[in-house]
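Here's the structure, in structure tokens; my notes come after.
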Amino acid sequence: MSLAPTIFETLARARADLRMGLPVVLRSGAARMLAAAAETLTADRLADLRGLGEPVLAVTARRAETLKARAYDGDLARIVLPEGADIDWVANMADPSDDLSMPLKGPHRTERDGPAELHRAAIRLAKSARLLPAMVLVPLDAPAAPGLSVLDLADIGAALDALAPLQEVISARVPLMVSEAGRLHVFRPEDGAEEHYAVEIGQPARDAPVLARLHSACFTGDLLGSLKCDCGPQLRAALRHMGDEGAGVLLYLNQEGRGIGLANKMRAYSLQDQGFDTVEANHRLGFEDDERDFRIGADILRRMGFGQVRLLTNNPAKVAMLESCGLTVTERVPLKVGLNPLNAKYLDTKAKKSGHIL
């Protein structure tokens, strides 16, 4: 029936539930678990989860390393909640903000037997909802509370990794300081996630390499002029370059903080104030170095009719990712701007740990 939600819409509904503090039901065959985001879980709901069985906190191997918990499952650890663990314990295990001032005591008891596929799916859901990648799960033997989202791993497994279809909503002329021949295209994913934008300068030919920039949204750098990164200067320099050449396309992708969201990016900033670099901060939060999905940019470029690009970037990984998506990168165009005394260490980390050519 066409009125029923698609798998992408079902996942979007589940992400919204987790962000509001509601648990979701995950199932695989006969196994069922109730899963709640550690970040939004309340004391009352934690008590209700305990009434169903012994809860575990699923965290990524990155976060487990900081917690000194054994990740028997390789990519994640299933930490059994101690008898007296309250909601503050759960929050502190998930959020590293106070790790240094209030070290969490171990040793932690972690599960090593039985399947972890539902725990793995729960963490992926949390990441896609821009929440901390830490989920409280408990086996569900009785009927679930009415109204909860139910996700079958057989249905959502591939969809969690798939790119939700994108549709162009509208485009309109927007005269810009760098070029009066500017046009803004708005693309909306079918799963209801953040929209993404393409700024087209002039009338770039579709049968020749286009000067292009995949720019990830940076509220602090692009809008506030933050000196902690080089994002704002890169954005403006890329647009100037396109204006000077008379043609180009800048994709503004809503993947704040390398794909972890603004709230988690601010958590990472707080950790940087404690002495950790960008990569270390992401790892302590439970994320990888870079959680962005460059398939989105490749899809938008193809939908706009571009198959070849001259890519404005200092990041060779972007070149490799676009090429792996079927686009031809004919040239990497350097974009070396924005160095200042307050972001020198940040840029040094990008070069040494993320491979940026600076």
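Just so you know, all these numbers are worked out from the coordinates, no wet-lab data involved. This structure is a prediction, so every number in the text was calculated from the model and none was measured. Note: ideal-geometry Cβ built from the backbone for every residue, glycine included; neighbour counts use all protein chains shown.
General remarks:
- Evaluated over the stretch 246-289, the Cα radius of gyration and Dmax, each in Å: 13.3, 45
- Under the criterion of Cα pairs below 8 Å and six or more residues apart, the relative contact order for the stretch 1-153 equals 37 percent.
- Note on K265: lysines with a C-alpha under 21 Å away, same-chain residues under 8 apart excluded, are K127, K228, K318, K345, K350, K352, K353.
- Highest to lowest packing among 57-69, 227-239, scored as the average C-beta count within 10 Å: 57-69, 227-239
- T6 paired with A142, simple spin-label distance in nm, labels 7 Å along Cα-to-beta-carbon: 3.8 nm
- Take the Cα of R50, step 7 Å toward its Cβ, do the same at Q274, and the gap between the two points is 2.6 nm.
- The stretch 281-358: relative contact order in percent, alpha carbon pairs under 8 Å with at least 6 residues between: 28 percent
- Each of A64, M20, F306 was placed along the dipole of the chain (beta-carbon charges, centred on the mean Cα), and the one lying farthest toward the positive end is F306.
- Quotient of C-alpha Rg and 2.2 N^0.38 Å, computed over the chain: 1.07
- Of all the options A91, A154, A122, the one that moves most in a Gaussian network model of the chain with Cα springs shorter than 10 angstrom is A154.
- Cα gyration tensor category, rounded, prolate or oblate, for the stretch 161-258 with a/c compared to 1.5: oblate
- Net length available on complete extension from A320 to S101 is 74.8 nm, with 0.36 nm assigned per residue and the Cα-Cα distance removed.
- Expressed to the nearest 5 percent, the antiparallel share of DSSP beta bridges inside the chain is 70 percent.
- Extension gain from I170 to T330, taking 0.36 nm per residue of separation minus the Cα-Cα distance: 54.7 nm
- Within the chain, helix-based [θ] at 222 nm, where runs of 4 or more DSSP H residues each add -39,500 (n - 2.57), nearest 500: -10000 deg cm²/dmol
- Computed from point charges on the beta carbon alone (+1 for Lys and Arg, -1 for Asp and Glu), the dipole magnitude for the chain about its Cα centre is near 700 Debye.
- Protection proxy ranking, highest mean first, for peptides 200-210, 123-133: 123-133, 200-210, where packing is the per-residue count of other beta-carbon atoms within 10 Å, averaged.
- Among P175, P82, P146, residue whose mean-square fluctuation peaks in a GNM of the chain (springs only between Cα atoms under 10 Å): P146
- Relative contact order (%) - criterion: Cα under 8 Å, at least six apart; region: the chain: 16 percent
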